[in-house]
Amino acid sequence: MTPTANNRAAWLQGPSAKCEAVPEIENPYRLVLLGAPGVGKGTQADLLRQSLRACHLSTGDVFRAASKSQCELSPAMKVALEYMKRGDLVPDTTVWEMVRERSGCLHCGGGFILDGFPRTVSQAESLRRLMLEEKLSLSAVVNYELPINEIVARLSGRRTCENCKMVYHLTELPPKTAGKCDRCDGNLFQRDDDRPESIKVRLEAYDRLTAPLIEFYQKLGLLLPVSAAGSPEQICERTMAALRARA
């Protein structure tokens, strides 16, 4: 029986680790996902992983594994961890070194869904050169789009339990008792970065940083805009339809 997914060991733990199960697909998809905070990019990455049997390569997951000492601390990861301990952003060059160390994951027999990288044109150019060296090519760069007012509504409705950190949403996933966590009865609060004024600042910063990246992939003919409106399942089906049409 062909395995449906691997455990991402080589990606999460380091290049010396081996994945337990790797699908072998004749023409695997190799995707990059883009999208502003609040569009549900992480959810789509997981749904696409299931549909395409591709490996979800999330840079955020690697950094979380490193912070829990579940990751091989290569020179790049040691540097990244120092930045994270100080609460600073990991520099582009360090993120790139972490990805380059895991270049074998780009050859995954099930393809890949790259989430969280690239974030800049410089990173995109480095990824393009690496893939040319590895004789690989991207299938598409999926850019999830949603009007700013809808993103603000999504994020500003989130509430987090002060005890167990369970996340709710005032309209989409409300608690049984207003202001109280269903799991531990803790008080729910709104994070500072989920307030409308903070969200707008984050989105403006994202637009400034990402506009050149979108233009970069548009010129390469790889950009695939997809509306992020509707349920996660509807968005995933819309993405799959767009990928099939492109193929």
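The values are calculated or read from the model by the stated rules, or taken from the named source; none is laboratory data. Computed from a predicted structure; not experimentally measured. A quick note on method: Cβ atoms are made from the backbone with ideal geometry, for glycine too, and the neighbour counts reach across all protein chains shown. With ligands, DNA and RNA removed, areas are computed over all heavy atoms of the protein, side chains included. Shrake-Rupley method; radii C 1.70, N 1.55, O 1.52, S 1.80 Å.
Do you know which residues across segment 205-219 are open to solvent by 40 Å² or more (accessible area, probe 1.4 Å), more than 23 Å from ASN149 (Cβ to Cβ) and either touching a residue at least 12 places away in the same chain (Cβ under 8 Å) or under 19 Å from the mean Cα position of the chain (by Cα) (or both)?
Scanning segment 205-219 gives a single hit, PRO212.
From the list ARG244, ARG202, ARG154, pick out the single residue that is among the basic types (Lys, Arg) and open to solvent by less than 70 Å² (accessible area, probe 1.4 Å).
ARG154
Looking only at segment 220-241, filter to residues that are assigned to a helix (DSSP H, G or I) and open to solvent by less than 70 Å² (accessible area, probe 1.4 Å); which one of those is nearest to ARG154 (Cα to Cα)?
Once the filter is applied, the top-ranked residue is PRO232.
Could you look through segment 129-151, keep only residues that are open to solvent by 70 Å² or more (accessible area, probe 1.4 Å) and in contact (Cβ under 8 Å) with a residue 24 or more places away in the chain, and pick out the one that is farthest from CYS184 (Cα to Cα)?
It comes out as SER137.
Are there any pairs with C-beta distances below 8 angstrom linking a residue in segment 226-242 that is among the basic types (Lys, Arg) to a residue that is surrounded by 16 or more Cβ atoms within 10 Å (Cβ to Cβ), with the two at least 6 apart or on different chains, and if so which?
ARG238/VAL226
I'd like the residue in segment 159-187 that is among the basic types (Lys, Arg) and not in a loop (DSSP other than H, G, I, E, B) and, out of all such residues, is surrounded by the most Cβ atoms within 10 Å (Cβ to Cβ).
Among them, the one singled out is ARG159.
Just checking, which of ALA17, ALA21 is under 22 Å from LEU127 (Cβ atoms), assigned to a loop (DSSP other than H, G, I, E, B) and over 12 Å from the mean Cα position of the chain (by Cα)?
ALA17
Counting only residues that are open to solvent by less than 20 Å² (accessible area, probe 1.4 Å) and under 12 Å from the mean Cα position of the chain (by Cα), how many does segment 33-54 have?
8
Scanning for something open to solvent by 60 Å² or more (accessible area, probe 1.4 Å) and without any contact (Cβ under 8 Å) to a residue 24 or more places away in the chain, does segment 112-119 turn up at least one residue?
no
Could you tell me whether segment 6-14 includes any residue that is part of a loop (DSSP other than H, G, I, E, B), of a type in the set (D, E, K, R) and touching a Ser or Thr at 6+ places or on another chain (Cβ under 8 Å)?
Scanning segment 6-14 turns up no residue that is part of a loop (DSSP other than H, G, I, E, B), of a type in the set (D, E, K, R) and touching a Ser or Thr at 6+ places or on another chain (Cβ under 8 Å).
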